[in-house]
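What follows is a single structure, written as structure tokens, with notes after it.
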Amino acid sequence: LQGFRDQLTQGPGFRTERLFLTSFETQLAHYSEDQTTQFYKSLLERTRSAPGVRSAALTSVIPLIGGDSLDMVPEGYQLPPGQQALTSFDAYVSDGYFTTMGIPILQGRGFTESDSKGAPLVAVMNEHAAKHFWPKGDALGKRFHLKSGSGDLVQIVGIARTAKYFWIAEPALDYVYLPFRQHERSGLALVTESDAQDAATVAPALREVVRGLDPDLPVFDVRTMQDIYS
């Protein structure tokens, strides 16, 4: 009980106040890949300029709600006999994600718009994964293969502070962030940081943004991060 209380006191490692969440799935509207790309590009741009919005980002995973995983092979890492890859939890996120979520980048950088399709593949690792795979503390700039030892090489450009991903009392987990612009996703959540203490005050402005892009696109899981965390 005391350990759980200590975890609550330390917090989840990301911002819980002032965040408003809205989820989308463009496959429900039968968008093509190009339409999906354009929709999320316009959604970010218009949301960031909407009244009452301090910042905004996109993510495939909302912390404490769910998760995803990927297979990877760190370059030069000796896998256990019979094992083809290592599994790490992951999320596909946009530029501005770490600032909006309040997750510090401890080394290197977060993602930018230039981390797009056709550009060199990059990733941000959390500190726990970086120390796990490169215990000498030199993970920044290192590379790993996606899926298997012969998969695409991805370079680590940033190390993020380890946070909570599934529940508040979990042990530290390996976690990898990939730029969504390099890995197309039809289902993403918009995370909006509000100027107001009550994040829900941005809801009307966001409804107008979505209505202006596609009034028929389904919107779901509309809530504040405080609703989830509390």
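Specify the inter-centroid distance of the range 53-78 and the range 170-230, based on alpha-carbon positions, in whole Å.
Here the two parts' Cα centres lie 15 Å apart.
Using a/c under 1.5 as the rounded threshold, could you call the range 7-84 rounded, prolate or oblate? The axes a ≥ b ≥ c are square roots of the C-alpha gyration tensor eigenvalues, and prolate needs a/b larger than b/c, oblate otherwise. Before the final figure, lay out each step's value.
Numbers: a/c = 2.60, a/b = 1.36, b/c = 1.92.
Verdict is oblate for the range 7-84.
So, for the chain, what is the accessible surface per residue at a probe of 1.4 Å, expressed in square angstrom? Write down the numbers at each step before the final one.
Working: 11100 Å² over 230 residues.
So the chain comes to 48 Å² accessible per residue, rounded to a whole number.
Taking a label point 7 Å from the Cα of Leu213 along the Cα→Cβ vector, which residues of the range 59-95 have an amide N closer than 16 Å to it?
Only 59-61, 93-95 fall inside the zone, counting backbone N under 16 Å.
Based on the Cβ-Cβ distance from Asp195 to Ser69, what FRET efficiency comes out when R0 is 30 Å, to the nearest 0.05? Write out the running numbers ahead of the final one.
On the way: r = 35 Å, r/R0 = 1.17.
Once the sixth-power term is evaluated, E becomes 0.30.
Could you tell me which residue out of Gly96, Leu140, Phe111 lies farthest along the dipole of the range 76-202 toward its positive end? Charges go on the beta carbon: Lys and Arg +1, Asp and Glu -1, centred on the Cα centre.
Final value for the positive-end residue is Leu140.
For a quick protection proxy, order the peptides 221-230, 199-208 by their average other-Cβ count within 10 Å, most packed first. Kindly include the intermediate steps, with their values, before the conclusion.
Numbers: 221-230: 16.0, 199-208: 17.8.
The densest-packed peptide leads the list: 199-208, 221-230.
Explain nothing, just compute: Karplus ³J(HN,Hα) = 6.51 cos²θ - 1.76 cosθ + 1.60, θ = phi - 60°, for every residue of the range 77-86 in order, whole Hz, x for Gly and Pro.
7, 8, 6, x, x, x, 9, 8, 6, 9
Computing the accessible area with a 1.4 Å probe over protein heavy atoms, can you report the carbon and sulfur percentage for the range 102-215? Can you show the working numbers first?
Numbers: 2750 of 5150 Å².
Within the range 102-215, the accessible surface is 53 percent carbon and sulfur.
Using modelled amide H (1.01 Å from N, peptide plane; none on Pro or chain starts), what sits under 5 Å from the amide H of Gly110, excluding residues fewer than 5 places away?
Those lying under 5 Å, H to H, from Gly110: there are none.
Rounded, prolate or oblate: pick one for the range 90-144, where a ≥ b ≥ c are the square roots of the eigenvalues of its C-alpha gyration tensor, a/c under 1.5 means rounded, and failing that, prolate if a/b is larger than b/c, else oblate.
On the way: a/c = 2.20, a/b = 1.33, b/c = 1.65.
In terms of gyration-tensor shape, oblate.
Which label belongs to the value computed from this structure, given these candidates for Cα Rg over 2.2 N^0.38 Å: (1) 1.23; (2) 1.04; (3) 1.53?
Given (1) 1.23; (2) 1.04; (3) 1.53, the calculated one carries the label (2).
Based on the Cβ-Cβ distance of Lys117 and Lys147, what FRET efficiency does E = 1/(1 + (r/R0)^6) give at R0 = 25 Å, to the nearest 0.05? Before the final figure, lay out the partial values.
Numbers: r = 18 Å, r/R0 = 0.72.
About 0.90, to the nearest 0.05.
Cross-link candidates for Lys142: which lysines have Cα within less than 28 Å, leaving aside residues fewer than 8 places away along the same chain?
Within the straight-line limit of under 28 Å, Lys142 reaches these lysines: Lys117, Lys131, Lys164.
Can you compute the charge dipole magnitude of the chain about its Cα centre, using +1 on each Lys and Arg Cβ and -1 on each Asp and Glu Cβ, nothing else charged? Give it in debye, rounded to the nearest 20. Mind dumping the intermediate values first?
Numbers: 21 positive and 27 negative charges, 97 e Å.
Computed charge dipole of the chain: roughly 460 debye.
The values are calculated or read from the model by the stated rules, or taken from the named source; none is laboratory data. Bear in mind that the values here come from a model prediction, so they are computed numbers and not experimental data. Counting neighbours? That spans all protein chains shown, and the Cβs are built from the backbone with ideal geometry, glycine included. Note: areas computed on protein heavy atoms with side chains; ligands, DNA, RNA excluded. Shrake-Rupley method; radii C 1.70, N 1.55, O 1.52, S 1.80 Å.
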